[in-house]
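FYI, it's all coordinate maths here, none of it is from the lab. This is a predicted model, so every value here is computed, not measured. As a convention, Cβ positions derive from the backbone with ideal geometry for all residues, glycine included, and neighbour counts pool all protein chains shown.
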Amino acid sequence: MIKNIFLYFVALWIGGMLSSCQKGEVVQVQDEIARIAFRSYSSASVDIKRVTVDGKVANSSNANFIFIRNKDADSSLVVAYNNNDQVVLEQQLSLKSGLNTFGVHSKSPIDPSLVVGPNPLGDDVKPIPGVRQVKILNYNKTISLNGEPIRLAVYQGKPVYDESWGMDMVKYDETPILTTGLISDKIPEEFIKIPIDATFVPKAQVLDKDLKPILIDGQKVFLFFNFSVDIGIVYLPQKEPDASFDVDAFSEIGGIGYGLDNIWLKQ
């Protein structure tokens, strides 16, 4: 009788232990501690102050956001808010246990909301002395016929003494130093490598995709590279022509001029 009672309690104890282990395993399988951190691809800092994961607020700690991750979920909806509690990022992301670091950038020069994705500036682009490495985006529909991509023929300027003026005037070579690939509002893969003179910056004639000059009211169109960035992405917004004279402020452009000086991202 006593032996039977003893075996009964042993069976209960083993059953309780198994049940406890199974419950612990279920919790371990479904939930894990995870963290999210964001880093900017450019020199600008990331303004993210609050994050929710699948609608649940993540705890903030030293620029990381800590939350309980569901192991059974392939991805989670991550929503980030800025210092004014405005949504700046909303994206379905794959998350793992531990630290999840995401590189972010604004969606475009005209859309400041953030997106997680590859680095538009490249991960291993090194500076080249005397050369500016840029990607150019065009949002100006005036010079882009029917929204078609454009090309740029880039000309290098140099000082030439003009006797009538009694001073150096900028003159451009007859042959372009380079002609770009197609330029649109989409981020190209390759950088344009432009030799830069500290005094006389290059200018570019706008061509159509078939390398024919684009004309506005019968006039050629030129862009002046007024940006100061060694590695970056610049863009031409929708605006009126804003360059009346060449870089020496005396020579006429010989057409319609736009200053290309808006910087979106830079190292």
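Angle of helix 2-30 to the longest C-alpha principal axis of the chain, folded into 0 to 90 degrees and rounded to 10: 10°.
Above 27 Å, the calculated P(r) of segment 131-266 contains 15 percent of its Cα-Cα pairs. Taking amide hydrogens as placed 1.01 Å from N in the peptide plane, the amide H of residue 259 sits under 5 Å from those of 224, 242, 243, each at least 5 positions away in sequence or on another chain.
Partner lysines whose Cα lies under 30 Å from the Cα of residue 203, excluding those fewer than 8 positions away in the same chain, are identified as 107, 126, 135, 141, 158, 171, 186, 193, 212, 220, 239, 266.
For segment 31-116, the Cα gyration tensor yields ellipsoid semi-axes of 21, 13, 12 Å (square root of five times each eigenvalue, largest first, whole Å). A simple charge model with +1 on the Cβ of Lys and Arg, -1 on the Cβ of Asp and Glu and nothing else charged puts the dipole of the chain at about 1440 debye relative to its Cα centre. Taking the centroid of alpha carbons for each part, segment 133-207 and segment 74-101 are 40 Å apart. Taking amide H as placed 1.01 Å from N in the peptide plane, residue 169 has its amide H under 5 Å from the amide H of 160, 161, 162, each at least 5 places away in sequence or on another chain.
In the list (i) 29, 24, 16; (ii) 62, 17, 15; (iii) 32, 20, 18, the label attached to semi-axes √(5λ) of the Cα gyration tensor in Å as derived from the coordinates here is (ii). Mean-square fluctuation check for the chain, GNM, Cα pairs under 10 Å: which of 208, 217, 246 is largest? Comparing 208, 217, 246 in the GNM, the peak value goes to 217.
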